[in-house]
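Encoded as structure tokens, the structure appears first; notes follow it.
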Amino acid sequence: MPEVLKAPLVVEFPFTRSLGPVQGAFLTGLREQVVLGVKTSDGRTLVPPVEYDPVTADEIHDMVEVAPTGTVTTWAWNPAPRRGQPLATPFAWALVRLDGADTALLHALDAPGPDAVRTGMRVRIRWAAERAGAITDIACFEPYDGDPGRPARTSGQPGGERVTGIVAPARLDYTYSPGRAQSAYIAALSTRRTVGERCPSCRKVYVPPRGACPTCGVPTAEQVEVGPRGTVTTFCIVNIKAKNLDIEVPYVYAHIALDGADLALHGRIGGIPYDQVRMGLRVEPVWTQGARYPDHYRPTGEPDADYDVYKELL
Amino acid sequence: MTREESSGVRDIAVVAFAQTDVLRTTDDVSEVEMLMPVLHSVLDRTGLKTADIGFTCSGSSDYLAGRAFSFTLALDGVGAWPPVSESHVEMDGAWALYEAWTKLLTGDADTALVYSYGKSSPGSLRDVLTRQLDPYYVAPLWPDSVALAALQAQALIDAGATDENALAAIGARSRQDATANSHAQSRGPVPQGDYVVRPLRTGDCPPIGDAAAAVILAAGERARQLCERPAWIRGIDHRIEAHALGVRDLTDSPSARLAAEKAGAFERPVDTAELHAPFSAQEVVLRTALKLGDDVRVNPSGGALAANPMMAAGLIRIGEAAARIHRGESDRALAHATSGPCLQQNLVAVLEGEPR
């Protein structure tokens, strides 16, 4: 049995999110070093503010400024900061109830060590040097033993252009392993062979194999080499060029039933004008130097296959 | 809700349960390759074939695999021909079981296959789980799952509800009980270890593992035909609390309490409770919220501190509770599943065996 393959897989995406009136006001405020809460109908002030009362579900939008100082309601010492977290040196996670607020905000607390942190301790916001209208405009909290801070302003709304959206980049790192069956398929491709697996129950040969017969729900193990030639069972003509794809349009994308396979796989058809591709066309793979899978399939020159031969594979 | 409250009066039971061993890595098998033996095992226990199953429901998460629509490939293991009636929840399989239970209550099906699976090994689970948090105010700070559980643990310690020694004892008891569970990942004495995020040490945190689990539900007489002592579901309910951690009292779990009440858990005492408490301090919260006395056997399987496969650990709690009833070791059991940070969402099922 060939070795099971593994490879790094990075999923990275800049999530662009629009903000409503409440979140927009809050994040605009942070940019201006102003912390805004929202008033509920029963008079509580929620910081960070939300658009709907978590108790009554009423829509709320009455913004009120709170102080940049507050009290730790609970905390946890983080000895080994992870990528993306607010501080690179050991810090405390803390829920902080700002003066004037009835709920607590989660953020990092910069302190020399766990002995310097306790529930009930007084802290204040340390602002980021550059602020863009995001929760990270608060760099962190820091210990503070002075009087409660005063709101910086008296009117509710901060100045400047309003923040209407955030871009939240996210990156997760994985080690992808395709498992036994697909590893065998990929390993065979490296020697320009195509290997499927036969279902022990219905005897169909699946390409690419996934280790299970999707019809019978049983494991497949018997390897069967298929192709290299095959038959176009159905196709479409692609007219829009995909980003980062170096293929001229229009081109043909087809389902191809390799000889000996009971399932069509898909591939691009080349070596023939796009408008002459047809169902039943006999094709063979074209490999480019160093490629790990066929670049495309081209006509073999054989007579077209009879419809009856491939109609079950459409 | 309890069965009596629902419109139907069908009795529905868990009639079979199967699970894989929970392993730190399973990269030699794909998800469907990991899942298939469990599906076959649970079907074999009842003699049912896929084609006999009225409804199929699964739970899993794309964020664990790092791939979109990953659950569709797992369907290969079910054998979806002829076409099956199928659904999926992007949650722990306990919630897939809830959906299947309601489907059976409607009378549209008499049997249901529920399965769930999760491979945590491809990614960094602590980082992956940050992506379920509020994307505006919290996720950009990347607070990981241990950090959030540690905030809850400190709140409990400050409230005088527990201390670090008591938390260590919960972990030790769980892994001692797990010595009787061949599927568990972390069994026997384990050093309490260093702080991961203080006040939680490694011994207060669940092992990270991959696994799959499956149960079969059946209604009425069908359940009696398929199982000698069905585990009748007397009620299931699930409740959620506010997303913002700073709005909640982390020392309490009103959602778990309400779910238990609506599931009928407080109508008569239970003898067993399978709690999905991935962190030691969460067991303290749940024991109080669910009003479990010292006479209730809590997590005889070892619970989530011995094995906590994402998306399957909650379904396994229901399966373990049901299996205890099947074996005659319990007459009335409570099963609990959780999701989200600091016990944000909670599901409670009450299972009963008929008098012997």
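How about the range A:99-123: which of its residues are more than 8 Å from chain B (Cβ to nearest Cβ), closer than 23 Å to B:Val197 by Cβ and surrounded by 15 or more Cβ atoms within 10 Å (Cβ to Cβ)?
Step one: filter the range A:99-123 for residues more than 8 Å from chain B (Cβ to nearest Cβ), giving A:99-102, A:109-113, A:115-118, A:120-123.
Now drop any that are not closer than 23 Å to B:Val197 by Cβ, which leaves A:109-113, A:115-118, A:120-123.
Within the range A:99-123, A:Leu109, A:Asp110, A:Ala111, A:Val117, A:Met121, A:Arg122, A:Val123 meet the criteria.
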(request) Could you identify the single residue in B:Ala96, B:Ala13 that is among the small types (Gly, Ala, Ser), crowded, with 20+ Cβ neighbours inside 10 Å and either closer than 30 Å to A:Val4 by Cα or touching a His at 6+ places or on another chain (Cβ under 9 Å) (or both)? (result) B:Ala96
(message) Conditions first: (1) touching a residue at least 40 places away in the same chain (Cβ under 8 Å); (2) within 12 Å of chain B (Cβ to nearest Cβ). A:Pro79 passes all but one, so which condition is the exception?
(response) (1)
(request) Output the number of the condition that A:Pro219 fails; it satisfies all remaining conditions of (1) farther than 25 Å from B:Thr25 by Cβ; (2) in contact with an Asp or Glu (Cβ under 8 Å, 6 or more places away or on another chain). (result) (1)
(request) Can you give me the number of residues within the range A:194-213 that are out of contact with any strand residue (DSSP E or B) (no Cβ under 6 Å at 6 or more places or on another chain) and either over 30 Å from B:Gln132 (Cβ atoms) or more than 7 Å from every other protein chain (Cβ to nearest Cβ) (or both)? (result) 8
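When you check B:Ala166 against the structure, is it part of a helix (DSSP H, G or I) and either acidic (Asp, Glu) or at the interface with chain A (Cβ under 7 Å from one of its Cβ atoms) (or both), yes or no?
Numbers: part of a helix (DSSP H, G or I): yes; either acidic (Asp, Glu) or at the interface with chain A (Cβ under 7 Å from one of its Cβ atoms) (or both): no.
Spelling it out, it is not the case that B:Ala166 is part of a helix (DSSP H, G or I) and either acidic (Asp, Glu) or at the interface with chain A (Cβ under 7 Å from one of its Cβ atoms) (or both).
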(request) Identify all residues within the range A:205-222 that are closer than 14 Å to A:Ala188 by Cβ, assigned to a loop (DSSP other than H, G, I, E, B) and among the β-branched types (Val, Ile, Thr); write none if there are none. (result) A:Val207
(request) Would you tally the residues in the range A:38-68 being part of a strand (DSSP E or B) and away from chain B (no Cβ under 11 Å)? (result) 9
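At least 1 residues that are touching a residue at least 60 places away in the same chain (Cβ under 8 Å) and either surrounded by fewer than 19 Cβ atoms within 10 Å (Cβ to Cβ) or among the hydroxyl-bearing types (Ser, Thr, Tyr) (or both) in each: list the strands (runs of 3 or more DSSP E) lying fully within the range B:186-277 that qualify.
Details: elements: B:195-197, B:211-219, B:231-240, B:272-274.
Passing ranges, in order: B:231-240, B:272-274.
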(message) Restricting to the range A:1-31, name every residue that is part of a strand (DSSP E or B) and of a type in the set (Asp, Glu).
(response) A:Glu12
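With the condition kept exactly as written, say whether any residue in the range B:141-153 is away from chain A (no Cβ under 12 Å), modelled with pLDDT of 95 or more and more than 20 Å from the chain's Cα centre (by Cα).
First, pick out the residues of the range B:141-153 that are away from chain A (no Cβ under 12 Å): none.
No, the range B:141-153 has no match at all.
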(message) Let me confirm something: among B:Ser58, B:Ser70, B:Ser41, which residue is crowded, with 23+ Cβ neighbours inside 10 Å and within 14 Å of chain A (Cβ to nearest Cβ)?
(response) B:Ser58
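Residue-by-condition table, conditions (1) more than 14 Å from chain A (Cβ to nearest Cβ); (2) not β-branched (Val, Ile, Thr):
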{"site": "B:Glu90", "(1), (2)": "yes, yes"}
{"site": "B:Thr111", "(1), (2)": "yes, no"}
{"site": "B:Arg126", "(1), (2)": "no, yes"}
{"site": "B:Gln132", "(1), (2)": "no, yes"}
(request) Have a look at A:Glu248, A:Glu312, A:Glu302, A:Glu225 and point out the one that is in contact with a strand residue (DSSP E or B) (Cβ under 6 Å, 6 or more places away or on another chain) and not in a strand (DSSP E or B). (result) A:Glu302
(message) Going residue by residue through the range B:215-225, is there one that turns out to be under 19 Å from B:Leu315 (Cα atoms) and among the basic types (Lys, Arg)?
(response) no
(message) Taking the criterion of being at pLDDT 95 or above, in a strand (DSSP E or B), in contact with a Pro (Cβ under 9 Å, 6 or more places away or on another chain) and closer than 17 Å to B:Ala231 by Cα, would at least one residue in the range B:330-348 satisfy it?
(response) yes
(request) From (1) closer than 17 Å to B:Asp134 by Cβ; (2) touching a Lys or Arg at 6+ places or on another chain (Cβ under 9 Å); (3) surrounded by fewer than 17 Cβ atoms within 10 Å (Cβ to Cβ), pick out the condition that doesn't hold for A:Ala25. (result) (3)
(message) Going residue by residue through the range A:146-153, is there one that turns out to be surrounded by fewer than 18 Cβ atoms within 10 Å (Cβ to Cβ) and of a type in the set (A, V, I, L, M)?
(response) yes
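The values are calculated or read from the model by the stated rules, or taken from the named source; none is laboratory data. Not measured: the values here are computed from a predicted model. Because the Cβ atoms are built from the backbone with ideal geometry, glycine has one as well, and the counts that use them run over all protein chains shown.
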